[in-house]
Each structure stands twice: as C-alpha cells, then as structure tokens.
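A.B. asks: Got a structure here, written out as structure tokens. Questions coming.
The values are calculated or read from the model by the stated rules, or taken from the named source; none is laboratory data. Worth saying up front: this structure is predicted, and the values here are computed from it rather than measured. Here the Cβ is made from the backbone with ideal geometry for all residues, glycine too, and neighbour counts use every protein chain on show.
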Amino acid sequence: MSNWPPSLRAPQPIAPGVYAAVGALLPSILGILTSDSVSSVSAPTATTGVASRRSAAGATIAGTVDPGGLATSYRVDYGTTSSYGSSASGYAGAGSDAGTISLDLADLAPSTTYHYRVSATSGAGGAVGSDGTFKTTALAFLGKASLTGEKARVSVRCLAGQAGTCTGTIRISSAAGASFARG
C-alpha cells in the first residue's frame, strides 16, 4: 500500500489516546473558537479629536478609536480643504475598548488653515470621524538692523526648531517720515 495520498489512508494509532488528545487540542492549536468562547465583534468607531502642539510646520492630531474586537488601523486625513489630499496612518490594536490615538503631522505650511479627520478600518467595516480644522502658527524670526550713512543692513534668522523659509515684511522709516516696505 502506498503512503500517498495520506488522506486516503486509514489513521494509524501512534499510541493509545494520542488521537483523542490531539483532537481535543486541535481547536486551540488552530485558533478556532468554540461557540462558548466567541466574543462579539463589531465595526470600529472613530471620533476626531483636537489638534494640539501646533507650530509653523506641524501639529499633533488626537482622536478616539474603538477597534470593536478586531485588528484595526486608523488614518488621519488632512489638507487645506475638506477634500484633504494627504494622510498618515497608525495601528489602533484589536481590543474591545475605545482608546486615544495621537499622530504627529509635519512639513505643513505656516499660517495655513488645515482640515483633518480620523477614520478607522477593520475586517468588520469602517468609520469616519467628523471634520476638524486648525491653523498653523506664523514663522517667528529675530532680526536686527543697523544704519551706516544712507545704507541699512538687516539680518534675519528663523527661531530654532522652525522648519521652512522665513518670510515677512521689512519696514524701514526715517525720522523725516519717509518709509520703505519690502514684503
């Protein structure tokens, strides 16, 4: 008798009781749940939270995600309109309780209003939180001017920790009231 295919051969006992023991452990080994141990699962929920730690180039977006008992990922959509256009994502876990999520956004434009929302997705479905908005701060810079005769020298530098290009308006005025602005 051939050993192939094994599914057509009659089971041969290895030792007394081995098949019974393997049969009893098989659901645990394979991760199969019995009807007594099945926990309920549901589609995740997502709630958009607040934007904090706003700077000229970034912000931290918070929210709440309830995975509903299944492995759940979340995403923060963001952009300068409610059509968003950019996103960043993370993993919310597989628990059955709501938890706080937090995601840092970077490389944003200064003095710009952004729309954002939190969404969650699992094997049981998805959920989308409401639209929120925040405004990045203006770039801050330090400067000093010196005047020699009829020539003015102005030096400007961005404050430490701020990304981007420093832009702004320089106003120079004389004691006689004449002024010059360059933006």
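A.B. asks: Could you check the range 100-133 and list, in sequence order, the residues that are assigned to a loop (DSSP other than H, G, I, E, B) and at negative phi?
C.D. replies: ALA106, LEU108, ALA109, PRO110, THR112, GLY123, ALA124, GLY129, SER130, ASP131
A.B. asks: Here's something else I'd like to know. Looking only at residues that are among the acidic types (Asp, Glu) and exposed (fewer than 15 other Cβ atoms within 10 Å of the Cβ) in the range 72-104, which one is farthest from ALA62 (Cα to Cα)? Give the derivation first.
C.D. replies: Start the filter on the range 72-104 by keeping residues that are among the acidic types (Asp, Glu), which leaves 77, 97, 104.
Adding the requirement that they be exposed (fewer than 15 other Cβ atoms within 10 Å of the Cβ) leaves 97, 104.
Working: ASP97: 17, ASP104: 9 Å.
Ranking the candidates gives ASP97 first.
A.B. asks: Right, here's the next one. Can VAL65 be described as touching a strand residue (DSSP E or B) at 6+ places or on another chain (Cβ under 9 Å), modelled with pLDDT of 95 or more, within 17 Å of THR133 (Cβ to Cβ) and of a type outside the set (Ser, Thr, Tyr)?
C.D. replies: No, not satisfied.
A.B. asks: Here is a further query. Would you tally the residues in the range 70-82 being in a loop (DSSP other than H, G, I, E, B) and free of Cβ contacts under 8 Å to residues at least 40 places away in the same chain?
C.D. replies: 2
A.B. asks: Please count how many residues of the range 83-99 are modelled with pLDDT under 95 and either outside any strand (DSSP E or B) or charged (D, E, K, R) (or both).
C.D. replies: 5
A.B. asks: Also, I was wondering about something else. Return only the number of the condition from (1) in contact with a strand residue (DSSP E or B) (Cβ under 7 Å, 6 or more places away or on another chain); (2) of a type outside the set (S, T, N, Q); (3) modelled with pLDDT under 95; (4) assigned to a strand (DSSP E or B) that LEU147 does not satisfy.
C.D. replies: All conditions pass for LEU147, except number (1).
A.B. asks: Of all residues in the range 105-120, which are surrounded by 20 or more Cβ atoms within 10 Å (Cβ to Cβ) and within 8 Å of LYS135 (Cα to Cα)?
C.D. replies: TYR114
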